[in-house]
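Below is one structure, written out as structure tokens, with a few remarks after it.
The values are calculated or read from the model by the stated rules, or taken from the named source; none is laboratory data. These numbers were taken from a predicted model, which means no experiment stands behind them. As a convention, Cβ positions derive from the backbone with ideal geometry for all residues, glycine included, and neighbour counts pool all protein chains shown.
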Ligand SMILES: [Zn+2]
């Protein structure tokens, strides 16, 4: 059975802008609707035991000039973690414990620029639905079944990860890197993957077999030596997409 491939070269070029504005609105709406509510919501403060002061808060800063065309600059004010000068999301340690990450993940969409999540084994224990994770580093992590629906993942790095059956529906992952992944059955429906790199150096067992790219924007994306058996590209935008070397679409 061949993969379904058709393209929509007339996708609205302004669609990514509308999507980003929509995500910012979701976060703002959540905050305003819950600011005076008695509903128990974890916050940067209630999730920790220490009163906030400059000595126990994360030193991470996103300079405005680095991201002004997308989100604007921001300073992190989360509690420091594990004796470092940074919070659990920004400390550059490999293989952070899943239970501690889950405990500090707020139950609402968050903006966490450049989180360092290499070597984690969170699987589907943590949801990043509607979060903004600009330049996130997930290298060599096991994220099978993870939830990234509606997530802003511009320039994120998923090199060497296991993302089989993970849900990236409606995510915004332009310029993201998905090299050498195990992504069998991953869902990219309605996702924006403009300029994304989904190449493979050495064929991984599942590659992106049975992955779903229906209605995805794949403008200028690269699939080099990528296993794509029975992947679905229905109604996707494939303008300037590169399928080279042993990229395999259909029965391989
Ligand atoms: Zn931080």
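Does residue 165 satisfy being assigned to a loop (DSSP other than H, G, I, E, B), in contact (Cβ under 8 Å) with a residue 24 or more places away in the chain and assigned by TED's automatic domain parsing to the domain that holds residue 93? Considered against the rule, which asks whether it is assigned to a loop (DSSP other than H, G, I, E, B), in contact (Cβ under 8 Å) with a residue 24 or more places away in the chain and assigned by TED's automatic domain parsing to the domain that holds residue 93, residue 165 comes out as no.
For the condition in the same structural domain as residue 159 (by TED's automatic domain parsing) and farther than 18 Å from residue 234 by Cβ, what is the one hit in 190, 174? Before you say what the answer is, go through the steps one by one.
Values: 190 fails: farther than 18 Å from residue 234 by Cβ.
The conditions single out 174.
Considering each residue of the range 68-95, count those that are under 24 Å from residue 141 (Cβ atoms) and within 15 Å of the ligand (Cβ to nearest atom), and give that number. It would help to see each step written out before you state the result.
Within the range 68-95, the subset under 24 Å from residue 141 (Cβ atoms) is 70-71, 74, 76, 78-95.
Going one step further and asking which of them are within 15 Å of the ligand (Cβ to nearest atom), we end up with 74, 76, 78-93.
Of the residues in the range 68-95, 18 are under 24 Å from residue 141 (Cβ atoms) and within 15 Å of the ligand (Cβ to nearest atom).
Here residue 135 qualifies as within 15 Å of the ligand (Cβ to nearest atom), without any contact (Cβ under 8 Å) to a residue 40 or more places away in the chain, within 24 Å of residue 169 (Cα to Cα) and part of a loop (DSSP other than H, G, I, E, B).
The set of residues in the range 57-72 that are at pLDDT 80 or above and touching a strand residue (DSSP E or B) at 6+ places or on another chain (Cβ under 8 Å) comprises 57, 58, 60, 61, 62. One residue is enough: does the range 86-100 have a residue meeting the conditions touching a residue at least 40 places away in the same chain (Cβ under 8 Å), in contact with a strand residue (DSSP E or B) (Cβ under 8 Å, 6 or more places away or on another chain) and surrounded by 22 or more Cβ atoms within 10 Å (Cβ to Cβ)? Looking for residues that are touching a residue at least 40 places away in the same chain (Cβ under 8 Å), in contact with a strand residue (DSSP E or B) (Cβ under 8 Å, 6 or more places away or on another chain) and surrounded by 22 or more Cβ atoms within 10 Å (Cβ to Cβ), one finds none in the range 86-100, hence no.
Residue by residue through the range 69-118, note down the ones that are outside any loop (DSSP other than H, G, I, E, B) and out of contact with any helix residue (DSSP H, G or I) (no Cβ under 9 Å at 6 or more places or on another chain). Once the filter is applied, which keeps residues that are outside any loop (DSSP other than H, G, I, E, B) and out of contact with any helix residue (DSSP H, G or I) (no Cβ under 9 Å at 6 or more places or on another chain), the range 69-118 yields 75, 98, 99, 100, 101, 102, 103, 104, 116. The set of residues in the range 101-116 that are loosely packed, with under 14 Cβ neighbours inside 10 Å and within 16 Å of the ligand (Cβ to nearest atom) contains only 103.
Looking only at the range 117-143, how many residues end up being buried (at least 21 other Cβ atoms within 10 Å of the Cβ) and either within 22 Å of residue 67 (Cβ to Cβ) or outside the structural domain of residue 164 (by TED's automatic domain parsing) (or both)? Steps first, answer last, please.
Residues of the range 117-143 buried (at least 21 other Cβ atoms within 10 Å of the Cβ): 117, 120, 122, 128, 130-134, 136, 138, 141, 143.
Right, trim to either within 22 Å of residue 67 (Cβ to Cβ) or outside the structural domain of residue 164 (by TED's automatic domain parsing) (or both) and you get 117, 128, 130-134, 136, 138.
Within the range 117-143, residues that are buried (at least 21 other Cβ atoms within 10 Å of the Cβ) and either within 22 Å of residue 67 (Cβ to Cβ) or outside the structural domain of residue 164 (by TED's automatic domain parsing) (or both) number 9.
For beta carbons closer than 7 Å, sequence separation of 6+ or different chains, a first residue in the range 59-82 that is at positive phi and a second that is more than 16 Å from the ligand (Cβ to nearest atom), the qualifying pairs are 72/64.
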